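S.K.: Take this structure, written in structure tokens, and hold onto it; I'll ask about it next.
Values quoted throughout were computed directly from the atomic coordinates according to the rules given, and no laboratory measurement underlies them. The structure presented is a predicted model; accordingly, all values stated were derived computationally and were not measured. All Cβ positions, even for glycine, are placed from backbone atoms using ideal geometry, and neighbour counts span all protein chains on display.
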Amino acid sequence: MPQTSRQIELASYPVGEIHPTDFEVNEVIIPELQVGEVLVRNAFTSVDPALCLRFRATAPKGYFRSFDLHAPLDGVATVGEVVASRAEDFREGDVVSHAYGFREYSVVNPSTIWLGGLGTLRRLDVSVSPAKLYLGPLGGSGISAYAGLFKAAELREGDVVWVSSAAGSVGSIASQLAKLRGHVVIGSAGSEAKIAYLLDELNLDAAFNYHSGPVAELLADVAPDGIDVYFDNVGGDHLEAAIAALRPWGRVALCGAISEYQSEVAVAGPSNLFLATSNELSLRGFRGSNHFDLRDEVIREIAPLIASGQFHYRETVFEGLEATPQAIVHMLRGDNLGKTLVHTA
Ligand SMILES: NC(=O)c1ccc[n+]([C@@H]2O[C@H](COP(=O)([O-])OP(=O)(O)OC[C@H]3O[C@@H](n4cnc5c(N)ncnc54)[C@H](OP(=O)(O)O)[C@@H]3O)[C@@H](O)[C@H]2O)c1
């Protein structure tokens, strides 16, 4: 049995842009297993943009709380294998997911509820899919894509849909789910290689690189008659462009606002919000962790589609626990395609 485990900790709260030097790697003694606990050797940990909000001294009101400095980063989705168990329902060799990521080994109590249930210790059915996909399309990303499209945006037949950050984890799932239902889907992303991926691999109807001009103009070029649904992963100028392009009774699923996460100052809202009144638009936020009830449906739909090759899944994997800070920074810069993961074992 291992005696010690290395873990990533936050060394200081970043001011503005996040740098690898904001993190440190520490080695700690693994505490003796108590009755009811299991020891997991972690394999893959999810790298999510919204971690940035928890790297702040004060997290946004209503969100998960900030990470403590010089402490393990609790509440981060990970998958691994049980190596010792004193819990009735778990055995050595079980492949599980839980929420004590960014460390080599985790002591987990199955009765602790994390991330609305998504991060609670759970045995994974690896006959359906490799464990790491439960961190992406079969986990938080898939549930968020589903909740955004079908709950927040109430996707309807014939809707023209724009998905931002469409080459990323949530965006690539949302755009493919909409495409599979016969919608016209527009994607946007930050490089020409990603645009080629959206058009050639995901078969989206149109795509644009938001670095190549004002977003409102780029959107108008590919959707001259407007859009009905905007799946917002970015906020800022993207959200403002969507509000301008939405047709009457259009809907926005407010999934995230990555363009604002590393800003040192509060970002002003869209300047054209009155269009929401004049066109009876709905802008609705949602959190995947509040839609854990969708998990089985998501797995039932997406797992067979991935297995049959109808649904494309990409990932960007960083090797080794010590690559975690680099993984976070690279993902925020857009150097990832699909789901970003850290491989620790
Ligand atoms: N509501 C929820 O429950 C929930 C759950 C999961 C994720 N989210 C949100 O969903 C969004 C996507 O998350 P993800 O996990 O799928 O990440 P991701 O899209 O795989 O990775 C983040 C991407 O954001 C893009 N980006 C970074 N800075 C940007 C900027 N200033 N403007 C435009 N794009 C920028 C980059 O791609 P480019 O190359 O395209 O710039 C980067 O690859 C995030 O806002 C996240 O917080 C919400």
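S.K.: Going by the alpha-carbon gyration tensor, a ≥ b ≥ c the square roots of its eigenvalues, is region 243-345 rounded (a/c under 1.5) or, if a/c is not under 1.5, prolate (a/b greater than b/c) versus oblate?
M.R.: oblate
S.K.: To the nearest 500 deg cm²/dmol, what mean residue ellipticity at 222 nm is calculated for the chain from DSSP H runs of n ≥ 4 alone, each contributing -39,500 (n - 2.57), summed and divided by the residues?
M.R.: The helix-only estimate for the chain comes to -6000 deg cm²/dmol at 222 nm.
S.K.: Sticking with this one: For L69 paired with Q262, estimate the spin-label separation in nm (one decimal), with each label point 7 Å from Cα along the Cα-to-Cβ line.
M.R.: 2.1 nm
S.K.: While we're on this one: Only residues of region 151-179 count here: report those whose backbone N is under 17 Å from the spot 7 Å along Cα→Cβ of R284, or say none.
M.R.: 151-162, 178
S.K.: Follow-up. Given axes a ≥ b ≥ c from the Cα gyration tensor, I'd like to know whether region 1-157 is rounded (a/c under 1.5), prolate (a/b larger than b/c) or oblate.
M.R.: oblate
S.K.: If you take every residue apart from E88 with its C-beta less than 14 Å away from the C-beta of E88, what net charge results, scoring Lys and Arg +1 and Asp and Glu -1?
M.R.: Net of charged neighbours comes to -1.
S.K.: Let me ask you something else. Mean shadow of the chain, computed from the convex hull of its alpha carbons, in nm²?
M.R.: Reported value for the Cα convex hull: 16.6 nm².
S.K.: Order the peptides 171-182, 63-74 from the highest to the lowest mean number of other Cβ atoms within 10 Å of their residues.
M.R.: 171-182, 63-74
S.K.: Further question on the same structure: Are there GluC sites (Glu not before Pro) in region 89-170 that DSSP marks as loop and that have at most 14 other Cβ atoms within 10 Å, and which are they?
M.R.: Here the GluC sites (Glu not before Pro) that fit, given the DSSP loop and packing criteria, are E92, E154, E157.
S.K.: So if I place +1 on the C-beta of Lys and Arg and -1 on the C-beta of Asp and Glu, and nothing else carries charge, what would the dipole magnitude of the chain be about its Cα centre? I want it in debye, nearest 20.
M.R.: It works out to roughly 520 debye.
S.K.: In nm, what is the difference between 0.36 nm times the number of residues separating E81 and A59 and their Cα-Cα distance?
M.R.: 4.8 nm
S.K.: Follow-up. Please report, in debye to the nearest 20, how large the charge dipole of region 1-122 is about its Cα centre when each Lys and Arg carries +1 at its beta carbon and each Asp and Glu carries -1 there.
M.R.: 340 debye
S.K.: Under a Cβ-Cβ cut-off of 15 Å, what is the net charge of the residues other than L73 that fall near it, where Lys and Arg count +1 and Asp and Glu count -1?
M.R.: Around L73, the charge tally is -3.
S.K.: In degrees between 0 and 90, to the nearest 10, how far off the longest principal axis of the chain does helix 169-180 point, with axes built from Cα atoms?
M.R.: Its long axis makes an angle of about 50 degrees.
S.K.: Could you give the distance between the Cα centres of region 274-345 and region 40-110, to the whole Å?
M.R.: For region 274-345 versus region 40-110, the Cα centre distance is 17 Å.
S.K.: Full extension from N109 to L273: what is 0.36 nm times the residue separation minus their Cα-Cα distance, to one decimal in nm?
M.R.: Going from the current span to full extension adds 54.4 nm.
S.K.: As an exercise, find the ratio Rg/Rh for region 143-188 from alpha-carbon atoms, using the Kirkwood inverse-distance average for Rh.
M.R.: 0.91
S.K.: What does the charge add up to near V161, with Lys and Arg as +1, Asp and Glu as -1, over the other residues with Cβ less than 14 Å from its Cβ?
M.R.: Once positives and negatives cancel, what remains is -2.
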